[in-house]
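Notes follow the structure.
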Amino acid sequence: MIEVQNLTKRYGPFTAVSDVSFRVERGEILGFLGPNGAGKTTTMRVLTGYMPPSEGKAVVAGYDVFEQPLEAKRRTGYLPETPPLYPEMSVRDYLTFVSKIKGVPRGERKSRVESSMERTRIADVADRHCGKLSKGYRQRVGLAQALLHNPEVLILDEPTAGLDPKQIIETRQLIKQLAGDHTIILSTHILPEVSQTCQRVVIINKGRVVAVDTPDNLTSKLRGSETMYVQVDAAGADAKSALETVAGVTRVIAADTRGGVTGYEVESGSGEDVRRQLAAAVVQRGWGLLELRPLRMSLEEIFLSLTTEESPAETAPPAETAHE
Amino acid sequence: MSNILAIAHKELKSYFASPIAYVVIGFAAILFGWFFINLLYYFDRMSLQAGGGFGGPETVNVNEMLISPLFLNVSVILLFTLPLVTMRTYSEEKRSGTIELLLTAPLTDVQIVVGKFLGALVLYAAMMGVTVVHIGFLFAFGNPEWQPVLTGYLGLLLMGGCFLSLGLFVSSLTRNQIIAGMITFAVFLMFWVINWIATFTGPTTQAVLNYLSITEHLNDFARGVIDTKHLVYYVSFIAFSLFLTVRAVDSERWRG
C-alpha cells in the first residue's frame, strides 16, 4: 500500500533522511519511531507530497507521490505535527472547507463532516473557533480533517501529542479501529504507544532506518541473553557463588541489597530457561527465595541501544554511520 | 474550478473574520471621500468661472474634471491599502503551518494561487464598491456620461489586480507578514514612481519607463478609452506575477 524506496532528502548540505526504504501492507499500522530530529516528519512530508524527495521514490496507494501527486493525495489523509487549523474559522466551517478541497462530492460533505466529528469526539465544539480550542481539541480536529475524505492511507505525525491520558487512550482505540479499512503510518517518540497500537515498527535515527520489525520480534531479537532477577534472603551466606554454579548461568551481578536481602541479575544463554534450577539452588540451601522473575528488555532499552553510539546488543545493526 | 472557488471563498471569509477587511475598506472609503470632496469643490469653482472670461475654462465636463482625476487618485489609496491585503496571504499560512494542509490536499499550485488572488480581488472589488455611492451622487445631481465611469472602474480593477498579484508574489517569499507588507509597499512605490525620471532620459528609455509604470496605463481607462495596449499590459502583468508566485511556492517545496 505504501512503498518507500531509497528515499533521501537533503536540505542544502544537511541530509535529513538518508536511503530510507520500507513497505506497509494494506490495513497495517506502522509505527515510526525515533528521537526528535531523526527524520520522521521529513519522511512523512515526502509521503504526503508536501515536498519532493532528493533521491528515491515513494508510492502511496499505487501512485508515485511525485509523478502523480493528485491521485496519491486524493487517497491520503495527513495530520501534520501542528494541526493545520485556521484560527478564525469554526470547526464545522473548517471541516467543510477541507472537504471541498479534498474533493468530497457536494452531497456527501455534510454527512462526512458530521461523521468525522463524531468519530473524533469533537461534535461538542463544532461551532467554536479553531483558534479558541485547547491543544487536545486542536489535535482531534486535525485528526478529523485527516479522516474526512475516508482516505485509504492515513499518515499521522504524533497523533497523541498534547492529549491528556484519557484522550490518548481514546485516540489509540480510534486508530486501531481505523486499521483494516485504512493503512496507517504514525510517528511518535512515545514507546508504549508503538507496542500498543502498531503491528510493525520502523526505528529511524539520524535519517537512517536502524530496525524494521514487529515490536515483539524486536524485543526478543535484541535480547542476546536471558536475564532473571532473583531476590534471595541468604542470611549472610554468599549466594552469588552459589547461583554461579547453576548450569547454564553465564553471569551473576548483585543488583541491590536491603537488610540482608540481596537481589541478583542472573544472565543465561539465549533461549535457556534456568528458573527451575535457580529456585532449586536457593531453596536446597535453606535460603529464602523472595522473588524470581524474567527481566525483559523493554522497547525503551531497545530504542536507546539502537539510537545511541555504543550498541550493547551484538545483534543490533550498527546504529551510527550518519555521514554521507 | 470548484477548488479555486473553495480557496477564494476561504480567503474572503478570513479577510472578513479578521479586522483587515474592515480597516482596509474603511480607510479606503475615508480617503476616497476626501479626494471626492476636494475635487468637487474644485469642480464647483471651475463651473462658476467657466465660459465667462474669468480665466476659467471654456466649458466644464464632470467626467473630465472630476471623475477621471478621482480615479487616478485611487492609485494612492491602493499603494497604502493593498499591501495590507496581500501581506498575510502566504506568510500567515506558512507561519501557522496551514500551508501543509493546502500543499498536501489534491490541489494544484495554480489552483491555490489563483484562488487566493480571486479572494483578494473580491475584497478589493468590495473596497471599490463603496465608491459607487460617491459616483452615484454625481449621477443624481448631474449628468455625467456613464461609459467613461465603467471603463474607469475596469481600469481600477485591472490596476488593483496588478498590485494584488505582485503582493501575493512577495508574500509567497517570506513567512514574516511585516516583511511581506514592507517589501510589497516598496515595490508598489517603485512601480508608481518609476517613470518620474522619464523626462530626463532619452526617448527609448522614456518609453520603456512609461510603459512599466502601473499607474500610467490607467490614464486612458479613466478617460473612457479601452486601449488593447493597456489591457495587454495589465493582464500580462497579473499573469506573470501569478506565474512567479506559483514558481516561488514550488521552489519552496524543493528547498524544504
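The values are calculated or read from the model by the stated rules, or taken from the named source; none is laboratory data. Being a predicted model, the structure only gives us computed values, none of them experimental. Neighbour counts are summed over all protein chains in view; Cβ atoms, including those assigned to glycine, are modelled from backbone coordinates with ideal geometry. What goes into the accessible areas is simple: the full protein's heavy atoms, side chains included, and nothing from ligands, DNA or RNA. Shrake-Rupley method; radii C 1.70, N 1.55, O 1.52, S 1.80 Å.
Structure summary
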item: Lone qualifier among B:Val60, B:Val122 - being at pLDDT 95 or above, touching a helix residue (DSSP H, G or I) at 6+ places or on another chain (Cβ under 6 Å) and away from chain A (no Cβ under 14 Å); result: B:Val122
item: Meets criteria (touching a Leu at 6+ places or on another chain (Cβ under 6 Å) and closer than 30 Å to A:Val46 by Cα) for A:Ser195; result: yes
item: Helices (runs of 4 or more DSSP H) (entirely within the range B:182-256) containing at least 2 residues that are open to solvent by 50 Å² or more (accessible area, probe 1.4 Å); result: B:203-212, B:228-255
item: Residue count for the range A:63-89, restricted to those that are more than 26 Å from A:Val125 (Cβ to Cβ), open to solvent by 20 Å² or more (accessible area, probe 1.4 Å) and within 28 Å of the chain's Cα centre (by Cα); result: 7
item: From A:Gly12, A:Gly34, residue being of a type in the set (Gly, Ala, Ser) and within 14 Å of another protein chain (Cβ to nearest Cβ); result: A:Gly12
item: Test: residue in the range B:158-172 that is in contact (Cβ under 8 Å) with a residue 40 or more places away in the chain, more than 16 Å from B:Thr81 (Cβ to Cβ), assigned to a loop (DSSP other than H, G, I, E, B) and open to solvent by 60 Å² or more (accessible area, probe 1.4 Å); result: no
item: Residue satisfying all of: in the range A:65-100; of a type in the set (Phe, Trp, Tyr) and part of a helix (DSSP H, G or I); nearest to the other protein chains (Cβ to nearest Cβ) among these; result: A:Phe97
item: Check on B:Val132, farther than 25 Å from B:Met182 by Cα and open to solvent by 10 Å² or more (accessible area, probe 1.4 Å); result: yes
item: Considering residues of the range B:23-49 that are among the hydroxyl-bearing types (Ser, Thr, Tyr) and either under 30 Å from B:Leu103 (Cβ atoms) or modelled with pLDDT under 90 (or both) only, the residue surrounded by the fewest Cβ atoms within 10 Å (Cβ to Cβ); result: B:Tyr42
item: Residue in the range A:46-53 that is away from every other protein chain (no Cβ under 11 Å) and either open to solvent by 10 Å² or more (accessible area, probe 1.4 Å) or out of contact with any Cys (no Cβ under 7 Å at 6 or more places or on another chain) (or both) present; result: no
item: Candidates B:Ala186, B:Ala180, B:Ala120, filtered to the one that is under 30 Å from B:Leu39 (Cβ atoms) and over 12 Å from the mean Cα position of the chain (by Cα); result: B:Ala186
item: Tally, over the range A:101-115, of residues that are within 7 Å of another protein chain (Cβ to nearest Cβ) and either open to solvent by 20 Å² or more (accessible area, probe 1.4 Å) or in a helix (DSSP H, G or I) (or both); result: 2
item: Cross-chain or 6+ apart pairs with Cβ under 6 Å, the range B:5-16 first and more than 8 Å from chain A (Cβ to nearest Cβ) and polar (S, T, N, Q), then assigned to a helix (DSSP H, G or I) and open to solvent by less than 80 Å² (accessible area, probe 1.4 Å); result: none
item: Pairs, first closer than 26 Å to A:Lys240 by Cα in the range A:285-308, second at pLDDT 70 or above and among the aromatic types (Phe, Trp, Tyr), C-beta under 8 Å, six or more apart; result: A:Glu291/A:Tyr229; A:Leu292/A:Tyr229; A:Arg293/A:Tyr229; A:Pro294/A:Tyr229; A:Leu295/A:Tyr229
item: Residue check, A:Thr171 crowded, with 16+ Cβ neighbours inside 10 Å, more than 30 Å from A:Pro13 (Cα to Cα) and not charged (D, E, K, R); result: yes
item: Scan of the range A:140-167 for residues that are under 26 Å from A:Phe303 (Cα atoms), touching a residue at least 12 places away in the same chain (Cβ under 8 Å) and assigned to a helix (DSSP H, G or I), ordered by number; result: A:Gln167
item: Count of residues meeting criterion [under 18 Å from B:Leu242 (Cα atoms) and crowded, with 23+ Cβ neighbours inside 10 Å] in the range B:68-92; result: 8
item: Close pairs (8 angstrom Cβ cut-off, 6 or more residues apart or separate chains): within 9 Å of A:Val266 (Cβ to Cβ) in the range A:228-249, open to solvent by less than 20 Å² (accessible area, probe 1.4 Å) and part of a loop (DSSP other than H, G, I, E, B) anywhere; result: A:Met228/A:Val274; A:Val246/A:Val274; A:Val249/A:Val274
item: In the range A:236-292, the residues that are open to solvent by 60 Å² or more (accessible area, probe 1.4 Å), at pLDDT 80 or above and closer than 13 Å to A:Glu226 by Cβ; result: A:Thr250, A:Arg251, A:Glu265, A:Arg275, A:Gln277
item: Residues that are more than 13 Å from chain A (Cβ to nearest Cβ) and either without any contact (Cβ under 8 Å) to a residue 12 or more places away in the chain or not in a helix (DSSP H, G or I) (or both), drawn from the range B:90-113; result: B:Tyr90
